[in-house]
Amino acid sequence: MLTDLLSSVAFYIIPILLGLLFTRKLFFAWVSGSLLVYLVAFIAYGFTKLLFTELSFTSLLRGVFIFVLGLEIILIIFKYRSFSFPDQLINLSTIKKHLPLLFLLIFSSIIYFSIWRSLTPYPLHINWDVYEHITVVNKITDGYYSILPSRMTDTFTFNSYSTLFHTLLAYPVILLKADVVGMYWWLEFWHYLLTILATYLLTRKIFSQEELALLAGLISALVFESSIVYSSLFLLPQTFTALLTLFFFINILNGEPINSFRVNFKDILSKYKYHFLSFILLLLLHFIVGALACILAVIWWVFSNKIISSKATNHLLLGSIIFIIITIIFNLVGSWDLTNREEAVHFNLSLMKKSSLFISWYSISFIFFFYVLYISIRKNVTLYQKLLIISIIGLSLVLAPFAYFLKFFVIIRYLINIIIALGVRNLSIGYVGYIRSSLYCLVAIAFFVNFYLNQLTFKEQFYFKGFYSHFSFAEVEASEWLKRNFNNNTILISDPGTQYILEALSGINSPGGAYMSEENRLKLRSINTTQDPKEIKDIILRLKDGLDVEKPVEKKLFIVGGRYFAWQKLPEDQQKSFYYNVWRPHRLLVVDQASLNFLTNNFKVLYQNDELTILDI
Amino acid sequence: MNKLLIPALLVITTSIFMLFVSMNRMKFNSHSDSIYRTIVNPQSLSFYTSDLAKEIFRISPFDDYIYIGSDKKHMADIQTFKRAYQQSNEVFQLIRRLLFDNKHIEWFVITDNSKIRYEIINKGGNGISVIRELEKSNLRPQFIGQSVVICNDCYVIDNNNRIFFSENYLSDRQIQFASSGHFMPVILSETLLPINISTLVIIDSNFNPKITLPIKPNQQILYDQKWQLIEIRSLLKPEENFVEQTIYFE
């Protein structure tokens, strides 16, 4: 557990250490360090494929990296030797200044562990997408590499991002030999804290008000988008991109304002080189959310440089309101799935459904948002209007009748939270300290109750044997056994959910994981209709992996258990669908025991616990 | 003065409405698990699938029995029943749940001669415990019949792969169902089931198991197919005034 904790910290520290050689600005150091990490990985992979073919990719990567990191540390110490680090740290006034932030982070940590993680202890997860990312990291540590995840594992049938995210995850695993599942558990905690920190810092940067920043951070801690978005509590490429976008916004505000438009291209490149690198990073982390992030960053830069007049801002605000009204009306015309993917129809939500989700996440706190809109128009507050313009344009995209567009809320939610906090503060500002604090407490309690109920409703579907989790400790034990006894010449076969999870936990390949092809699903389903062991064996042997990157398969393991039998009982249309899975472990039922006995009587049992059995086919 | 009050009132009102909307949307007059929801009705406790689409079974004092000597009667009937209520209102239940994460329901039934407490406790691992307690009663029953009324289209099978039908309600469709599921049909001339049963499983018409009822050695089982009522008759020890029943959801 300690190694995983250290690795999770290393995930953030390693790129910063590399990037500090180029710039002292922490965010830009992280950006440049991350891109350097990605470049080094590709170069190392190229070397092992073309020149040093006897060397393993991960060994070379580890060696190169330790060398580069060592060199970097020496150069950094040399470069920054005049930096009086200790004095700044122990300055009492500095500590006092950051006390509210410290309180916010401690409070958030308590919320996180006592409520969100209360029955999801290390290393259990309730983030379904985590397993596909862990599978890619496992592939990297096994020596496979590509710019696209779908070239590395057939768990990915569609590429929304490059493997930059996975490379960043793989580095601490390679260097510190951590368990990626455990590391990811810690990473989600740091991610949660960073989303709160980012909201706090951005608010303080924009408004220079500590109280407001604290309130915005608190609201950010207590809003959980429990469907499709998952900004703060799930670490995913899109949520990570959104978080980095916020830090990017802060750095844009930290930049020197432009004095004149008479600048040449060389000056632009010099002044904004890290901004361009940030664009590249955001796009590599997520092609679509990253693209939105880049567009919003440009708008943010335009607004922060006061290029647009107050009158033009008024018009833009009006334009954004008209735009969102048009988007809402557009929902009456129809809705579009945008892709041929079967799951797209489930991500194409109606306006009513989206509204219902917003109420689940925010209750009716949007009243504060409308209050800010009202006063921004009535009192012509340009700063508020700029924030509202970006938020309303973002909300328009979110509410548009297209599949997956709700995902754009992953960035917009930060601005919405700030505006809601702004509304609360503006209403409370006229009162003395203790009354104002009481009002803030009341709002905080309302958000807290909503958060508690919302996350509980989300988690309850994963309840099994006292925990909220996609997988059980029995499945962890089975995965450990698989890891010890088999290599990547083995393939696991089971229901999509079991495959997906065990592939991630054990590193052993499966045909498609949760994205098992329809053809394979129908073959697996047909096992139910036969009592002939030879036919069952033949069916399983015909189940094939979709990717050539794997080595020839020496062994096929068939895994059966409560989850598998639960999947077999699903209607055919749900079995064929990517959207339906058996999301949590299931007990072995009395009626399943006969089927299990039949299989164990006809195939060799390699491993068995009270939840699942692994058979040799 | 009004101008000073309005902003505070807006904050207070919005916060209270936020609480109201949150609690109302995520109903906890039931307690819920990943695969079921409990709804407290005026005269029964109903257990539904998690999407509330189908009632799996219900428990009611109107279906439970008490045995006093050779006399068998319902725990509550129309003449004796006064009212039923939860220990406290829904908001208090919710607050208690918020503070103590208390996954249980307490429901009280008042009759002319008894106060009966029903307690539903989520045991974890898909199991619930149903406690029926005669809290204040001048009755001294020897047995309590713990009744479960199952879904209309459900069937009863046991650990020996037998399926039970009443001879009065036997049909070709039911025989065909038994054959398709490879169950051995047992035709009952009365409501009493055989003694060598350790588990009852309730399945639906698609052979999907819905609940499992573990049976103790000293318990008798009665099945009335007309009402889809399963009664598990349990001895009530002299020093005790409650019986406990475990039910597993599948």
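Points worth noting:
- Count of residues meeting criterion [out of contact with any Leu (no Cβ under 8 Å at 6 or more places or on another chain) and touching a residue at least 60 places away in the same chain (Cβ under 8 Å)] in the range A:410-435: 4
- The residue that is most open to solvent (accessible area, probe 1.4 Å), among those in the range B:150-177 that are more than 14 Å from chain A (Cβ to nearest Cβ) and more than 28 Å from B:D64 (Cβ to Cβ), is B:R173.
- Qualifying residue in the range A:423-432 (condition: more than 14 Å from chain B (Cβ to nearest Cβ) and small (G, A, S)): no
- Single condition A:T339 does not satisfy, out of (1) part of a helix (DSSP H, G or I); (2) open to solvent by 20 Å² or more (accessible area, probe 1.4 Å); (3) not aliphatic (A, V, I, L, M): (1)
- Considered as a group, the residues in the range A:456-476 that are assigned to a helix (DSSP H, G or I), open to solvent by 30 Å² or more (accessible area, probe 1.4 Å) and at the interface with chain B (Cβ under 9 Å from one of its Cβ atoms) include one that is modelled with the lowest pLDDT, and that residue is A:Q461.
- Screening A:L383 against (1) within 14 Å of chain B (Cβ to nearest Cβ); (2) surrounded by fewer than 19 Cβ atoms within 10 Å (Cβ to Cβ) leaves a single unmet condition, (1).
- Members of the range A:22-70 that are open to solvent by less than 40 Å² (accessible area, probe 1.4 Å) and of a type in the set (D, E): none
- When the residues of the range B:109-149 are filtered to those that are open to solvent by 20 Å² or more (accessible area, probe 1.4 Å) and assigned to a loop (DSSP other than H, G, I, E, B), the one that is nearest to B:L229 (Cα to Cα) is B:Q142.
- Within the range A:271-327, the residues that satisfy the criterion of being among the small types (G, A, S) and surrounded by 16 or more Cβ atoms within 10 Å (Cβ to Cβ) are A:S278, A:G290, A:A293, A:A297, A:S304, A:S320.
- Filter result for the condition that a residue is part of a helix (DSSP H, G or I) and more than 30 Å from A:N254 (Cβ to Cβ), over A:I326, A:I299: A:I326
- Residues of the range B:195-250 satisfying the condition of being touching a residue at least 40 places away in the same chain (Cβ under 8 Å), of a type in the set (A, V, I, L, M, F, W, C) and open to solvent by 60 Å² or more (accessible area, probe 1.4 Å): B:W227, B:L235, B:F242
- Near pairs, Cβ below 7 angstrom, 6+ apart or cross-chain, from the range A:274-299 (within 12 Å of A:S160 (Cβ to Cβ)) to any residue that is open to solvent by 40 Å² or more (accessible area, probe 1.4 Å): A:V289/A:K407; A:G290/A:L283; A:A291/A:L283
- Scanning the range A:558-590 for residues being of a type in the set (V, I, T), in contact with a strand residue (DSSP E or B) (Cβ under 7 Å, 6 or more places away or on another chain) and in contact (Cβ under 8 Å) with a residue 12 or more places away in the chain gives a total of 2.
- Residue selected from the range A:113-146 under the condition of a type in the set (D, E, K, R) and open to solvent by 30 Å² or more (accessible area, probe 1.4 Å), by the criterion farthest from A:Y463 (Cα to Cα): A:D142
- Among the residues examined, A:K311 qualifies as under 19 Å from A:K386 (Cα atoms), without any contact (Cβ under 8 Å) to a residue 40 or more places away in the chain, more than 12 Å from chain B (Cβ to nearest Cβ) and not acidic (D, E).
- Matching residues in the range A:528-544 - criterion: being part of a loop (DSSP other than H, G, I, E, B) and either open to solvent by 40 Å² or more (accessible area, probe 1.4 Å) or among the β-branched types (V, I, T) (or both): A:T530, A:Q531, A:D532, A:R542, A:K544
- Residue match in the range A:348-368 (condition: in contact with a Phe, Trp or Tyr (Cβ under 9 Å, 6 or more places away or on another chain), open to solvent by 50 Å² or more (accessible area, probe 1.4 Å), within 14 Å of another protein chain (Cβ to nearest Cβ) and hydrophobic (A, V, I, L, M, F, W, C)): yes
- Evaluated against (1) among the aliphatic types (A, V, I, L, M); (2) at the interface with another protein chain (Cβ under 8 Å from one of its Cβ atoms); (3) open to solvent by 40 Å² or more (accessible area, probe 1.4 Å), A:L453 falls short on exactly one condition, (3).
- Check on A:S479, facing chain B (nearest Cβ under 7 Å), in contact with a helix residue (DSSP H, G or I) (Cβ under 9 Å, 6 or more places away or on another chain), small (G, A, S) and open to solvent by less than 50 Å² (accessible area, probe 1.4 Å): no
- A:Y579 being under 15 Å from A:E475 (Cα atoms), of a type outside the set (S, T, N, Q) and more than 14 Å from chain B (Cβ to nearest Cβ): no
- Per the conditions (1) under 28 Å from A:S118 (Cα atoms); (2) modelled with pLDDT of 75 or more, the sole criterion not satisfied by B:S50 is (2).
- Test for B:V201: is it under 23 Å from the mean Cα position of the chain (by Cα) and within 14 Å of another protein chain (Cβ to nearest Cβ): yes
- Sole exception among (1) assigned to a loop (DSSP other than H, G, I, E, B); (2) within 14 Å of another protein chain (Cβ to nearest Cβ) for A:N488, by number: (2)
- Of all residues in the range A:5-21 being under 12 Å from A:A170 (Cα atoms) and open to solvent by less than 10 Å² (accessible area, probe 1.4 Å), the one that is farthest from the chain's Cα centre (by Cα): A:S7
The values are calculated or read from the model by the stated rules, or taken from the named source; none is laboratory data. Note that the coordinates shown come from a computational prediction; the quantities given were computed from them, not determined experimentally. Note that we place each Cβ from the backbone using ideal geometry, even for glycine, and neighbour counts take in every protein chain shown. Ligands, DNA and RNA are stripped out before the accessible areas are found, and what is left, the full protein with its side chains, is counted by its heavy atoms. Shrake-Rupley method; radii C 1.70, N 1.55, O 1.52, S 1.80 Å.
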